[in-house]
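Since the structure comes first, as structure tokens, the remarks are kept for the end.
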Amino acid sequence: MSSESPLLEKRLSEDSSRYLRLQKWANMSSADALGLEKERPEEKAAAAENPLVFLCARCRRPLGDSLTWVASQEDTNCILLRSVSCNVSVDKEPKLSKCRDEDGCILEALYCTGCSLSLGYVYRCTPKNLDYKRDLFCLSVETVESYTLGSSEKQIVSKDKELFNLESRVEIEKSIKQMEEVLTALQKKLREVESKLSLAQPGQLSCVPSATMPHPHS
């Protein structure tokens with residue numbers, strides 16, 4: 001990582017795994033800090049041989065892959081992709097960029113369709129000096145994980161993290177509610193049975209002596 005990116009290093013200093021991940025992603029790109037140079041054939045072939053799949057850091061849905069990689073923006077802690085998957089939704093409400101040196105850029109926010117995590121933005125309108133960013137998808141490195149296709153990493157989700165998204169949460173909550181309703185019904189039935197038993201027992205006890213005990217004058 002160059003000395004020109006102290007901001008990125010500061011942001012990721014407490015999370016070395018993300019820092020190393022961004023370095024790995026950045027090494028896949030032959031572009032310089034401006035993202036303008038073309039890929040060399042050998043680098044393009046290497047990227048195609050072991051492509052990365054970018055995943056939502058929260059629900060692990062695939063967002064895109066390294067075959068659409070353009071560049072990394074170290075000053076804003078983002079990666080730029082030419083396209084993304086259907087798991088990325090675009091908020092069509094335009095917003096002006098607040099980033100330094102991006103005056104005049106109009107953006108649209110990006111969200112994960114599975115968990116609604118804010119992922120970044122897409123450049124829709126740019127001044128002439130930033131035309132190369134137009135229609136590129138900018139994903140924040142803090143919202144993205146990665147998986148290398150063909151690697152020994154058999155599990156996209158680590159053993160200590162269960163795949164859990166909005167859909168599974170809704171299903172789980174629905175099942176819990178159904179179980180609560182069943183338990184409530186069983187408790188009601190149990191109370192009714194206990195109530196009937198408590199009413200029946202005194203009568204049974206009072207009848208037992210007269211039915212079984214011999215008559216005192218016999």
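The values are calculated or read from the model by the stated rules, or taken from the named source; none is laboratory data. Note that this is a predicted model, so its numbers are computed, not measured. Counting neighbours? That spans all protein chains shown, and the Cβs are built from the backbone with ideal geometry, glycine included.
Observations on the structure shown:
- Boolean, S13 is touching a helix residue (DSSP H, G or I) at 6+ places or on another chain (Cβ under 9 Å), of a type in the set (S, T, Y) and modelled with pLDDT under 60: yes
- Enumeration of residues in the range 113-136 that are among the charged types (D, E, K, R) and farther than 20 Å from V88 by Cβ: K128, D131
- Scanning the range 46-95 for residues that are of a type in the set (S, T, N, Q) and touching a helix residue (DSSP H, G or I) at 6+ places or on another chain (Cβ under 7 Å), we see that the one that is surrounded by the fewest Cβ atoms within 10 Å (Cβ to Cβ) is S83.
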